[in-house]
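**Q** Below you'll find the structure I mean.
The values are calculated or read from the model by the stated rules, or taken from the named source; none is laboratory data. It should be emphasised that the depicted structure is a prediction, and the values quoted were computed from it without experimental measurement. Reconstructed Cβ throughout: ideal geometry from the backbone, glycine too, with neighbour counts over all protein chains shown. Accessible surface is based on the protein model in full, side chains and every heavy atom, while ligands, DNA and RNA are left aside. Shrake-Rupley method; radii C 1.70, N 1.55, O 1.52, S 1.80 Å.
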Amino acid sequence: MAIVTATKELLLERGFDGLSIEAVAARAGVGKQTIYRWWPSRPALVADVLLEDADKILRPVEHTDDLVGDLTRWSVRLATTLTTARGNAMLRILTVAGLEHEDTKARMYAAFSVPLHDSVRSRLAADGLDEATARAAADAIVGGIVYAILNEGRAFRRTRAEAITRTVLSGVAG
């Protein structure tokens, strides 16, 4: 769809603050009314377009006999994705949009945050951790990686994702 392509291009060129419905409409060759027929706001459009690629980030944690290996591979893959130009732009844009718009925050939470967290929590629970500990450890792993990437951007080293994961796991195992 031309609107989605135009939105992606403009986001990469201008960022969230520089994107307007007018610019998307012009680039897509449609009227603003066409965009508003499908999306009620600019943040809703941006969230839908960016979350369309969420499946590349939201891969579930593997389940082998090695909990530490499963989660460190997953965390490195997450960090690798979120430190690409596109992945980092997506994370930053969604974070800013979510801070400014409740509807975008709700979409991001449901389509991005919950699946990331649940995948890690489920893997931990499958290894015998009680629900409260699995939830807290998932918070620490996912939050630790995402927070660091938001602060450091593309400079975040993937080895830190592994170190964060191993540190959290050593804390719940001990």
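**Q** With label points built 7 Å along Cα→Cβ from the Cα atoms of residue 113 and residue 53, find their separation and express it in nm.
**A** In this crude label model, residue 113 to residue 53 measures out at 2.2 nm.
**Q** So, one more: Name the residues whose placed amide hydrogens come within less than 5 Å of the amide hydrogen of residue 30, ignoring near sequence neighbours (fewer than 5 apart) on the same chain.
**A** Residues meeting the amide H criterion: none.
**Q** Sticking with this structure for a sec: Not counting ligands, DNA or RNA, and with a 1.4 Å probe, what is residue 52's accessible surface area in Å² rounded to the nearest 10?
**A** We get 100 Å² for residue 52.
**Q** If you count only protein heavy atoms with a 1.4 Å probe, what accessible area per residue comes out for the stretch 78-174, rounded to a whole Å²?
**A** 49
**Q** Now a separate question. Give the relative contact order (percent, whole number) for the chain; include only Cα pairs under 8 Å separated by 6+ residues.
**A** 24
**Q** Step through the residues of the stretch 26-40 one at a time and calculate ³J(HN,Hα) from phi using the Karplus curve (6.51 cos²θ - 1.76 cosθ + 1.60, θ = phi - 60°), rounding each to whole Hz and writing x for Gly and Pro.
**A** 4, 5, 7, x, 10, x, 4, 4, 4, 5, 5, 5, 9, 10, x
**Q** Given a 1.4 Å probe and the protein chains all in place, what does the accessible area of residue 8 round to, in Å² to the nearest 10?
**A** 50
**Q** With +1 on the Cβ of every Lys and Arg and -1 on the Cβ of every Asp and Glu, and nothing else charged, how large is the dipole of the chain about its Cα centre, in debye rounded to the nearest 20?
**A** Dipole size: approximately 540 debye.
**Q** Moving on to the next point. Can you give the Rg and Dmax of the stretch 60-114 based on its C-alpha atoms, in angstrom?
**A** Using the Cα atoms of the stretch 60-114, the pair Rg, Dmax is 13.9, 42 Å.
**Q** Now a separate question. What order do 122, 75 take when sorted by accessible area (1.4 Å probe), most exposed first?
**A** 122, 75
**Q** Carbon-plus-sulfur fraction of the accessible area of the chain, 1.4 Å probe, in percent?
**A** Within the chain, the accessible surface is 54 percent carbon and sulfur.
**Q** Could you work out [θ]222 nm for the chain from helices alone, using -39500 (n - 2.57) per DSSP H run of at least four and dividing by all its residues? Round to the nearest 500 deg cm²/dmol.
**A** Here the helix-only value at 222 nm equals -23000 deg cm²/dmol.
**Q** Order 123, 37 by their accessible area, 1.4 angstrom probe, all chains in place, largest first.
**A** Solvent-accessible surface, decreasing: 37, 123.
**Q** Sorted by accessible area with a 1.4 angstrom probe, largest first, how do 63, 117 fall?
**A** 63, 117
**Q** With a 1.4 Å probe and all protein chains kept in place, how much accessible area does residue 73 have, in Å² rounded to the nearest 10?
**A** Counting only protein heavy atoms, residue 73 exposes about 100 Å² to solvent.
**Q** Bin by bin, in steps of 5 Å, what percent of the Cα pairs in the chain do you find, going until the bin that has the longest distance?
**A** Spelled out bin by bin, the chain gives 1, 9, 17, 19, 17, 13, 10, 7, 5, 3, 1, 0 percent.
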